[in-house]
Amino acid sequence: MEKVFRGFYTRGRCFAGTAGCVLLLLCTANTVLVQADTYEDWQRMRDIPRSGYVANRAGSRIEIDGRLDDAAWREAVWSDRFQDIEGTVKPRPRFDTRVKMLWDRKYLYIGAFLPDPHIWGTLTEHDSVIFHDNDFEVFIDPDADNHEYYEFEINALNTGWDLFLDKPYKDSGKADNGWEIPGLKTAIHIEGTLNDPSDIDQYWSVEIAIPWKALNRHAHHRYPPSAGEQWRINFSRVQWQTTVEDGKYKKVPDVREDNWVWSPQGIIDMHRPEKWGTVQFSTQQEGTVGLNPDMTENARKMLMEIYHKQRANHRKTGAWWTTLEQLGIDSAKAAGVVIEQTEAGYRAKISLADGRTACVTQDSRLRIK
């Protein structure tokens, strides 16, 4: 048995079609706790490779029905399989998960394939904390500065949660749950039966169309992207272990959720944009092109090393280091790093070979100018 749930969002409300009826779901606010952060966290994150994907331009119309069977989708390649959020130090996920991406003049398209023998969902109110169900999540930082990024979560009932963050929680960032995605299109296709433990399901698939216009405010880029442009994006799948009681799915008590992601973070925290994957946009409609190397990657890693060492010292002493000798990073001096004091804290800078400058500040914002 198969089911399709479609939805669209407008003026902060969600109209979701299911079982032949239309439900009006009003938005609610939610609170997310600030994440801890240590230099040891960064050591686990630092050397994990960043995943990459080249998103082709859609060569034909895409119908948002959750099935991912349009001609344009058939031409798109699947991503690598998702890994545990902590990377290869953890076992391979129980179920394979993959994504595809396409784009055109109006939309960024995302398709996800999520095998699951027991598909369930409970949350039906827009802007609920969706990861309390099994879900699929999207994170987008258009200009790769670790700030001003977007998050969208969706469950098997096609219930969505869209929010904007000015900066990561660890840097005292605040989630704007009032932010909406005008013109967003989503659909879920289920190959199986939803909330029915009596049988074995096959998979659910997610189809999302995000208007470029909705991302433009904080993208600091023209839209749609130009050929070769690269954004930082990541995807996550939250999967809870369940049992069956009285004919209904119940979460296994005292067992935390699994977090499976496209580009591993190294720690259990999706809000580390510096480790999100690279998505490169191509005007090609068929075939594949290579992912261009990011010539700023080494400078970015060096600056984030400085940022995390500075945070560790500031947490301990309440002060920011002002010299490379205090930091104790020999390679920083060789790279020509300069540290400047600012009213808010500090700025660390590296001159790049192409004449630009990479800099990071005490709140993790990393810019290339």
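The values are calculated or read from the model by the stated rules, or taken from the named source; none is laboratory data. Here the structure is a predicted model, which means the values were calculated and not measured. All Cβ positions, glycine included, derive from the backbone under ideal geometry; neighbour counts span all protein chains shown.
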* Asked: With respect to residue 270, is the statement that it is touching an Asp or Glu at 6+ places or on another chain (Cβ under 8 Å), within 15 Å of residue 50 (Cα to Cα) and assigned by TED's automatic domain parsing to the domain that holds residue 151 true?
  -> yes
* Asked: For the subset of the range 73-91 comprising residues that are of a type in the set (Gly, Ala, Ser) and either assigned to a strand (DSSP E or B) or in contact (Cβ under 8 Å) with a residue 40 or more places away in the chain (or both), which member is surrounded by the most Cβ atoms within 10 Å (Cβ to Cβ)?
  -> 79
* To do: Could you list, in sequence order, all residues of the range 141-163 that are of a type in the set (A, V, I, L, M, F, W, C), surrounded by fewer than 23 Cβ atoms within 10 Å (Cβ to Cβ) and not in a loop (DSSP other than H, G, I, E, B)?
  => 152, 163
* residue 327 vs. criteria buried (at least 19 other Cβ atoms within 10 Å of the Cβ) and at pLDDT 95 or above -> no
* **So residue 107, is it in contact (Cβ under 8 Å) with a residue 12 or more places away in the chain, in contact with a helix residue (DSSP H, G or I) (Cβ under 8 Å, 6 or more places away or on another chain) and within 30 Å of residue 285 (Cβ to Cβ)** => yes
* Please identify the pairs in which a residue from the range 332-343 that is farther than 11 Å from residue 303 by Cβ has its Cβ atom under 6 Å from the Cβ atom of a residue that is modelled with pLDDT of 90 or more and in a loop (DSSP other than H, G, I, E, B), counting only partners at least 6 apart or on another chain. => 341/322
* Do we find a residue being aliphatic (A, V, I, L, M), in a loop (DSSP other than H, G, I, E, B), outside the structural domain of residue 307 (by TED's automatic domain parsing) and modelled with pLDDT of 95 or more anywhere in the range 99-116? -> no
* Just need a number here: residues in the range 312-336 that are touching a helix residue (DSSP H, G or I) at 6+ places or on another chain (Cβ under 6 Å), farther than 21 Å from residue 41 by Cα and not in a helix (DSSP H, G or I). => 1
* Evaluate the range 235-246: report whether one residue or more is over 17 Å from residue 155 (Cα atoms) and basic (Lys, Arg). => no
* Can you tell which of 264, 224 is at pLDDT 95 or above, in a loop (DSSP other than H, G, I, E, B) and not aromatic (Phe, Trp, Tyr)? -> 264
* Just give me the residues in the range 305-327 being in contact (Cβ under 8 Å) with a residue 24 or more places away in the chain and polar (S, T, N, Q), in sequence order. => 310, 322
* **Residues within the range 351-366 that are closer than 24 Å to residue 37 by Cα and in contact with a strand residue (DSSP E or B) (Cβ under 6 Å, 6 or more places away or on another chain), tallied** => 6
* **residue 307, sole failed condition from (1) modelled with pLDDT under 95; (2) part of a helix (DSSP H, G or I); (3) of a type outside the set (A, V, I, L, M); (4) in contact with a Ser or Thr (Cβ under 7 Å, 6 or more places away or on another chain)** => (1)
* **Candidate set: the range 124-156, residues that are touching a Leu at 6+ places or on another chain (Cβ under 7 Å) and among the aliphatic types (A, V, I, L, M); chosen: the one farthest from residue 272 (Cα to Cα)** => 156
* Run residue 288 past the list (1) polar (S, T, N, Q); (2) loosely packed, with under 13 Cβ neighbours inside 10 Å; (3) within 30 Å of residue 336 (Cα to Cα) and report the number of the one that doesn't hold. => (3)
* Do we find that residue 256 is assigned by TED's automatic domain parsing to the domain that holds residue 83, among the charged types (D, E, K, R) and assigned to a strand (DSSP E or B) in this structure? -> no
